[in-house]
Amino acid sequence: SATGKWAFHVAFIPHQQDFDLTADVAVRIDAIEDLVNQCDTKLSKVERRRSMTLGVELGNLSLGRQMRWTIASSSDIPKICEQVATTFESVGLPFLQNYSDLATVHRVLASASTKDTLLSPLLGPRSMRTLASAYLLDQSIDIKAVAHDLEAKLMESEHLYLEDFRALGLWLLGKQGTSRVG
């Protein structure tokens, strides 16, 4: 199991008469984030420390659509708290446990399935994490080929992260053959 951290986060969506609550979970694999953050010029120093490798809203994970709990009065709070806790235990905790492994995370990042891309939906950061996890995972993975394929996808859309991705690829290719991280 890789070292890093788990996060459980709730968000509140205010309305005129009530508010909705959503909940999400995320996993940070420190080794991946440390490599990616060396070349991610889009994030501040604080954002780099807080970056997560995979994450998802609990409803999208379990139902394929966002799950919201509506709180209209203080009497709703105990029931909603119990429902959120139950959902975290049945959906969120297994996610955190399953996706704390470097090989599993790499498989998800390298996958093109809708279910997997939902866990890291932004193409640029996802591509950088895919390359970093490939580098960390196994010396038999052809990092140059992985970098070439991912760069082609970023080039198709003239992606904002193209230059950061290229910098990461050059840095990792330079490190390959020297002492490996992880």
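The values are calculated or read from the model by the stated rules, or taken from the named source; none is laboratory data. As the structure is a prediction and not an experimental result, all values here were calculated from the model. Positions of Cβ are generated from backbone atoms using ideal geometry, with glycine treated the same way; all protein chains shown enter the neighbour counts. For accessibility, only protein heavy atoms count, side chains too; no ligands or nucleic acids. Shrake-Rupley method; radii C 1.70, N 1.55, O 1.52, S 1.80 Å.
Values as computed for the structure displayed
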{"quantity": "Region 97-118, subset surrounded by 22 or more Cβ atoms within 10 Å (Cβ to Cβ) and aliphatic (A, V, I, L, M), residue nearest to LEU162 (Cα to Cα)", "calculated": "LEU109"}
{"quantity": "Total residues in region 129-182, condition open to solvent by 30 Å² or more (accessible area, probe 1.4 Å), under 19 Å from ALA110 (Cβ atoms) and either modelled with pLDDT of 90 or more or in a helix (DSSP H, G or I) (or both)", "calculated": "13"}
{"quantity": "Selection count, region 1-22, where residues are over 17 Å from SER120 (Cβ atoms) and surrounded by fewer than 18 Cβ atoms within 10 Å (Cβ to Cβ)", "calculated": "14"}
{"quantity": "Only listed residue being in contact with a Pro (Cβ under 8 Å, 6 or more places away or on another chain), surrounded by 18 or more Cβ atoms within 10 Å (Cβ to Cβ), at pLDDT 95 or above and of a type in the set (A, V, I, L, M), chosen from VAL25, VAL36", "calculated": "VAL36"}
{"quantity": "Test for SER90: is it small (Gly, Ala, Ser) and either surrounded by 12 or more Cβ atoms within 10 Å (Cβ to Cβ) or within 25 Å of GLU163 (Cβ to Cβ) (or both)", "calculated": "no"}
{"quantity": "Count - residues of region 26-41 that are out of contact with any Phe, Trp or Tyr (no Cβ under 7 Å at 6 or more places or on another chain) and outside any helix (DSSP H, G or I)", "calculated": "5"}
{"quantity": "Residue list for region 42-79, restricted to those being loosely packed, with under 14 Cβ neighbours inside 10 Å, aliphatic (A, V, I, L, M) and part of a helix (DSSP H, G or I)", "calculated": "VAL46, ILE77"}
{"quantity": "Residue within region 83-91 that is farther than 20 Å from ARG65 by Cβ, charged (D, E, K, R), assigned to a helix (DSSP H, G or I) and touching a Ser or Thr at 6+ places or on another chain (Cβ under 8 Å) present", "calculated": "no"}
